[in-house]
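Scroll down for the structure; my scribbles are underneath it.
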Amino acid sequence: MSLSSHVLDAVRGVPEPRVRIRWERWREEAWQHVADGVTDDDGRVRDWGGPPTTEGVHRLVFDSGGYFAGQGVTTFYPEVVVVFDVVDADAHHHVPLLLSPFAYSTYRGS
C-alpha cells in the first residue's frame, strides 16, 4: 500500500506547507506509530519514509494547532484525526484535508 496526503487551506484556497502529520495503525488493541511526515511547499506528503503496510485500520493525526500557532492564528481544532480502513493493501490511498481554523473536511482522494 502506498499512502499520500494533501492539506489545503480552505479559507485562502492554497496548499498548507509545514503541517506535521503522524501516521499510525491499529494493531493488538493499540495505535502503533508507522511514520511521521511534514507537508511540502505544495501541501503534500508523498513519501513517508516508513515501511509499506498491510490491510487494516489506520489514522493520520494532523498537527493543526501547531500549524496555526506558527501563523499566530487561533484554532478550535488543535489536531485533526482521520481514521480510515485499508481493505486493499496493493492500492494507493490518498487522504486530503481541507483545513481552516474553525472547520475541516476530508474525503478519499485518488
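The values are calculated or read from the model by the stated rules, or taken from the named source; none is laboratory data. Computed from a predicted structure; not experimentally measured. Cβ sites come from the backbone with ideal geometry, for glycine too, and all protein chains shown count toward neighbours. We work out accessible area using only protein heavy atoms, side chains counted, and drop any ligands, DNA or RNA first. Shrake-Rupley method; radii C 1.70, N 1.55, O 1.52, S 1.80 Å.
A few notes on this one:
- Complete set of residues in region 52-94 that are among the aliphatic types (A, V, I, L, M) and either more than 15 Å from Asp9 (Cα to Cα) or touching a His at 6+ places or on another chain (Cβ under 8 Å) (or both): Val57, Leu60, Val61, Val81, Val82, Val83, Val86, Val87, Ala89, Ala91
- Any chance His58 is assigned to a strand (DSSP E or B) and closer than 14 Å to Glu24 by Cα: yes
- Residues being over 25 Å from Ala103 (Cβ atoms), surrounded by fewer than 13 Cβ atoms within 10 Å (Cβ to Cβ) and within 13 Å of the chain's Cα centre (by Cα) - total across region 25-51: 1
- The set of residues from region 1-20 being in contact with a Ser or Thr (Cβ under 6 Å, 6 or more places away or on another chain) and outside any loop (DSSP other than H, G, I, E, B) comprises just one member, Val7.
- Exactly one residue among Arg22, Arg12, Arg18 is more than 20 Å from Ser110 (Cβ to Cβ), exposed (fewer than 13 other Cβ atoms within 10 Å of the Cβ) and basic (Lys, Arg), and that residue is Arg12.
- For first residues located in region 89-104 and farther than 21 Å from Gly70 by Cβ, partners that are modelled with pLDDT under 95 and of a type in the set (A, V, I, L, M) and lie 6+ apart or on another chain with Cβ distances below 6 Å form the pairs Ala89/Met1; His93/Leu3.
- For Ser105, the test of being farther than 12 Å from Glu16 by Cβ, at pLDDT 90 or above and open to solvent by 20 Å² or more (accessible area, probe 1.4 Å) is passed.
- Those residues of region 34-55 which are assigned to a strand (DSSP E or B) and at pLDDT 95 or above, in sequence order: Asp36, Gly37, Val38, Arg44, Val45
- Members of region 56-93 found to be aliphatic (A, V, I, L, M), open to solvent by 80 Å² or more (accessible area, probe 1.4 Å) and at pLDDT 95 or above, listed by number: Val83
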